[in-house]
Every structure is written in structure tokens, then in C-alpha cells.
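Just so it is clear, none of the values below were taken in a lab; they were calculated from the coordinates. Source: prediction; values computed, not measured. Here the Cβ positions follow ideal geometry from the backbone for every residue, glycine too, while neighbour counts run over all protein chains shown.
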């Protein structure tokens, strides 16, 4: 994937992510019942990332413990959504490719079994925890 294609994809994903958060935040404010996880809607079983959106909303409200209990992945997603957009903008303005380089280094690192296996295990544990707590 070229730098421009990756950056376009990331910009699209971040835009969709922020739009989703705004939509969900308004939905929660209006006390409307909304189930955001399509996997859970179809299967009835929460996915490993179930609760991540609500976790981010809790972080925005300053309820850090509840955010962690909903889904610890919310912390990671929130960090990515805070750090990457400005970094991406700086890369585009300065015509650099530091995000591109970082992305491919992380991708190659995640393919190595000593890193991939523990991450896979943590995701499975998180998934079991989501099912157990009945998200």
C-alpha cells in the first residue's frame, strides 16, 4: 500500500470513528436504546471489542474505572484517536512519511510469534471477560 492510500484510509477511518462517537454520544444523551455492536446483534454474543465505544464515552466523561470495566481496549482506541490524527496532519503538511513508516514497523512486529501470541491471548481473555460480564 502506498503512503497516500494508507493516509486516505486512515483519514477515512478517523473521520468515521469521530462521527460514530458524536452519533453515539447524542444517542446516549437522548436516553435512546441503541446496541452498537453488529456482531452481538446478529449472534447474541459480544465480540472482543464490545463496550469499546461506551468505554471511550466514559473516558470523555472522566469515569476512568468504569471505562476500564467496560472494555480496556477503549483506552488503546482513545489513545490512537488522540495521537494519530495530529501526527497524520503534520506528516501531510510537512510531506513526510513517519506515520507510514511507523505503521509498517508495527505491522511487521505484530507478525512475530513472541508478540502476536500474547496479544492474541489477551484478546481472547478480553472476549471471555466480555461474555462473562454480559456486555
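What percent of all Cα-Cα pairs in the range 1-132 falls into each 10 Å bin, going from 0 up to the bin containing the maximum distance? Once binned at 10 Å, the Cα pair distances of the range 1-132 give 11, 33, 36, 18, 2. Helix 98-110 and the long axis of the chain differ in direction by around 60°, with both axes built from C-alpha atoms. Taking other Cβ atoms within 10 Å as a rough exposure proxy, 63, 91 sort from fewest to most as 63, 91.
Please give the calculated 222 nm ellipticity per residue for the chain, where each DSSP H segment of at least 4 residues contributes -39500 (n - 2.57) and the sum is spread over every residue; nearest 500 deg cm²/dmol?
Values: 7 runs with 104 residues, N = 135.
After summing the helix terms and dividing by the residues of the chain, the value is -25000 deg cm²/dmol.
Compared with the dominant Cα axis of the chain, that is its longest principal axis, helix 73-94 is turned about 30°. For the Cα atoms of the chain, what angle does the longest principal axis make with the long axis of helix 3-29, in degrees from 0 to 90, nearest 10? Relative to the chain, helix 3-29 is tipped by roughly 20 degrees. The distance linking the range 100-119 with the range 39-75 is 24 Å (Cα centroid to Cα centroid, whole angstrom).
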